[in-house]
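The values are calculated or read from the model by the stated rules, or taken from the named source; none is laboratory data. Computed from a predicted model, the values in this text were never measured in an experiment. Note that each Cβ is placed from the backbone with ideal geometry, even for glycine, and that neighbours are counted across all protein chains shown.
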Amino acid sequence: MDPKKGVTTLTRKNWLIDFSLFMTAIVTGISGIYFLYLPDGGFQGGRNPMYGIRIIFLRETWEWLHTWIGVAMVVIALVHLIFHWKWVKSMFKRVISGASKQLNPRARYNLWLNAVTALSFLVCAASGFYFLFAGASEGGRAVDPMFLFSRTAWDMIHTWSGVVILIAAILHFAIHWRWVVNVTKKVFSRAERIVPAMATITIQGE
C-alpha cells in the first residue's frame, strides 16, 4: 500500500492497540493521581481531612475506574507485548550479547526506556492485583494479610512504580510523536474516504 494514501493492516492493528492502551492508561493514571492526593483511610472529622470530598465522581466510582480500567490496561498491554514479541526477543538477544552497544544513541535510549517502562509496569500491575484480591485497608479496619510485605509497603510500591510508569510513558510518547501523528492522520483520512463510499453504495442500492 502507498504510505501516502493509507496504512497497512498491520500498522492499523498496531495503532488500535496503542490507542486502546493510551486511553486506558489515561483513565488509570488520572484515577491513580486522585488516590495519590486523596488516600484511603480516616473518617469524617478524623485523621483524613479530605474524607468525603467529591471530585467529579464519588470515591467508589474512582475505585471502580482505577481497578477495572487498570485490569483492562494490563490485558491490552499483554496484547501489545505479544504484538511486538519478535522485537522484544531481538532486543533481548542484543543486550545479552552486548550488540546493543552498536545501536545509535536514539535506539539505545528507546531500548532502555522501554525496559524501564516494562519493569515498572510489571511491578505496578503485580501490586495492583495484590489490592484487587487483598482489598483496601478501609481506614485500618481490614486485617492486613501480610503477603510478602505489609499493605503499606505494597501501597508504596504501587504508588511509586505508577509514578515511574507515568514519566516513562510520557517520554515514550514524546519520542514516537511523529509516528503517532502521521499514522493517526492516515487512519482517520481512510475512515473519511470509506464513509462517502458506503453512502454512495447505499444510494445506488435504493
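Quick notes on this one:
- Residue selected from region 70-116 under the condition under 18 Å from residue 169 (Cβ atoms) and polar (S, T, N, Q), by the criterion modelled with the highest pLDDT: 114
- Residue check for residue 1: in contact with a Leu (Cβ under 6 Å, 6 or more places away or on another chain) and modelled with pLDDT under 90: no
- Filtered residues of region 66-99 (kept if among the aliphatic types (A, V, I, L, M), under 19 Å from residue 132 (Cα atoms) and surrounded by fewer than 17 Cβ atoms within 10 Å (Cβ to Cβ)): 71, 72, 75, 78
- Taking the conditions (1) assigned to a helix (DSSP H, G or I); (2) modelled with pLDDT under 85; (3) surrounded by fewer than 15 Cβ atoms within 10 Å (Cβ to Cβ) in turn, residue 35 satisfies each one other than (3).
- Selection of first residues in region 151-164 that are assigned to a helix (DSSP H, G or I) and of second residues that are acidic (Asp, Glu), restricted to Cβ pairs under 6 Å at least 6 apart or on distinct chains, gives the following pairs, ordered by first then second residue: 151/144.
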